[in-house]
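Beneath this line is the structure, given in structure tokens, with notes to follow.
The values are calculated or read from the model by the stated rules, or taken from the named source; none is laboratory data. For clarity, every value in this text was computed on a predicted model and none was experimentally measured. No Cβ is skipped: glycine too gets one built from the backbone with ideal geometry, and neighbour counts run over all protein chains shown.
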Amino acid sequence: MCEDKAVITLQRFDWLMILAAFVLFCFGIATITSVELSQGAEEFIFVRKQLIALGLGLGLCVAAASVNYQLYRAYSHILYWLALGLLIAVLIFGETLNGTTGWFVLAGFSFQPVELMKLALALELAGYFSDHARERFGWRELLQTGVRTLLPAVFVLQQPDLGGALILIGIWMVMVFFAGIRWQHVAALLLSFGLIAGVVMVSGQLPDYQLERIATFLNPASDPLETGYNVTQAKIAIGAGGLLGRGLGAGSQSQLRFLPESQTDFIFAVIAEELGFVGVIVVLAAFLLLFVRMLKTVRMTRDAFAAYLLIGILATFFVQTCIHVGVNLSIMPATGVTLPFVSYGGSSLIVMFIMLGVAQSIASRITPVDRLASQH
């Protein structure tokens with residue numbers, strides 16, 4: 001009986017969702033290999049660490065998929081406060097890399113607590129919204145979920161990690177949209193964000209480097225050799241790729257090291273230069289497939305917690321992808337955000353696969369009756 005149940009559950013996996021993640025990882029590992037070739041690396045440390053992270057991620061993905069998603073609801077509060085505690089601890093005991101105190105480093109491997117918080121926040125908000133699913137969305141729900149989001153976002157900003165904070169806020173905004181936020185709330189949020197941003201900038205509380213990033217975003221050509229260097233090189237790389245690209249290992253911007261952080265923050269630009277427009281379309285199509293399959297699963301499930309949790313996971317992937325691609329195209333200020341399943345980063349890749357496993361836990365427990373009902 002146990003074997004039959006396991007086979008049925010395996011058959012109910014959303015294999016197109018898994019295929020999309022696998023395609024994205026393949027593009028990522030190929031690009032990371034190309035970047036290491038440009039750096040003259042003989043041991044391919046980035047590639048090896050990424051493959052180790054893949055192994056851990058796949059193992060945890062299978063484990064997450066095998067657990068009934070209702071168990072995540074039972075421990076959502078604990079995971080949220082644990083992740084919040086780690087965000088506080090990393091400010092005290094963490095390592096500072098690239099000007100950000102956001103990593104725990106042990107035996108050559110690093111972990112970013114903000115990655116765990118993305119999943120923890122999705123679980124926490126899913127639990128809240130499912131408990132209030134029959135109530136009309138009002139100011140109380142907006143405030144209570146906003147506090148749950150802003151609390152970790154403030155600690156992330158202290159690192160400082162603007163990109164991580166924006167992703168947490170983005171997860172919340174997508175989830176409140178699906179929860180039934182009204183136009184009055186949207187207007188109030190836009191006004192509040194505008195006032196807060198204005199006060200922070202006028203008061204001089206914003207760090208100089210953040211002001212420089214904003215100025216560079218508004219006018220990248222104002223200082224192309226300093227503050228505008230990264231986005232300028234990214235735009236050159238994207239434009240140089242053409243239709244089919246220059247080939248893996250043959251991109252001038254990445255191979256000659258003009259493009260900084262090419263294996264993480266600007267990996268999309270490397271893909272565009274070396275694999276061209278065709279490569280970019282395949283990557284974006286894989287993301288689109290991932291998003292569509294998750295939305296389809298949301299539509300099929302009859303459990304409010306499962307639906308909101310899937311929306312939270314989808315929001316994580318979607319917001320992070322939009323920010324990364326937007327920065328590479330110079331339509332958003334540089335924030336240092338990785339591309340899901342593609343960029344180098346062990347903790348990011350592992351948590352992304354855990355999220356994928358949670359999504360499979362939900363998809364595999366949708367009954368044939370639910371699937372038929374969703375078609376009518």
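Would you mind stating whether Pro152 is touching a residue at least 40 places away in the same chain (Cβ under 8 Å) and more than 20 Å from Ala315 (Cα to Cα)? Considered against the rule, which asks whether it is touching a residue at least 40 places away in the same chain (Cβ under 8 Å) and more than 20 Å from Ala315 (Cα to Cα), Pro152 comes out as no.
One line per residue, one yes/no per condition, for (1) touching a Gly at 6+ places or on another chain (Cβ under 6 Å); (2) without any contact (Cβ under 8 Å) to a residue 40 or more places away in the chain; (3) surrounded by fewer than 19 Cβ atoms within 10 Å (Cβ to Cβ):
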| site | (1), (2), (3) |
| --- | --- |
| Ile238 | no, no, no |
| Gly241 | yes, yes, no |
| Gly249 | no, no, yes |
| Phe277 | no, yes, yes |
| Ile281 | no, yes, yes |
| Ala285 | no, yes, yes |
| Val292 | no, yes, yes |
| Ala304 | no, no, yes |
| Gly312 | no, no, no |
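Selection of the stretch 324-343 for residues being assigned to a helix (DSSP H, G or I), surrounded by fewer than 22 Cβ atoms within 10 Å (Cβ to Cβ) and among the hydrophobic types (A, V, I, L, M, F, W, C) yields only Val325. Among the residues of the stretch 297-313, those identified as over 20 Å from the mean Cα position of the chain (by Cα), part of a helix (DSSP H, G or I) and more than 14 Å from Arg73 (Cβ to Cβ) are Arg299, Met300. Which of the residues spanning the stretch 323-341 are in contact (Cβ under 8 Å) with a residue 60 or more places away in the chain and not aliphatic (A, V, I, L, M)? Those that are in contact (Cβ under 8 Å) with a residue 60 or more places away in the chain and not aliphatic (A, V, I, L, M): Asn328, Ser330, Pro333, Thr335, Gly336, Thr338, Pro340, Phe341.
If you go through the stretch 217-275 and keep only what is aromatic (Phe, Trp, Tyr), modelled with pLDDT of 80 or more and under 15 Å from Ser38 (Cβ atoms), you end up with just Phe266.
Just one residue in the set Val90, Val105 is touching a Ser or Thr at 6+ places or on another chain (Cβ under 8 Å), farther than 21 Å from Thr316 by Cα and modelled with pLDDT of 85 or more; that residue is Val90. Val270 meets all of the listed conditions (1) under 17 Å from Gly326 (Cβ atoms); (2) outside any helix (DSSP H, G or I) but one, namely (2).
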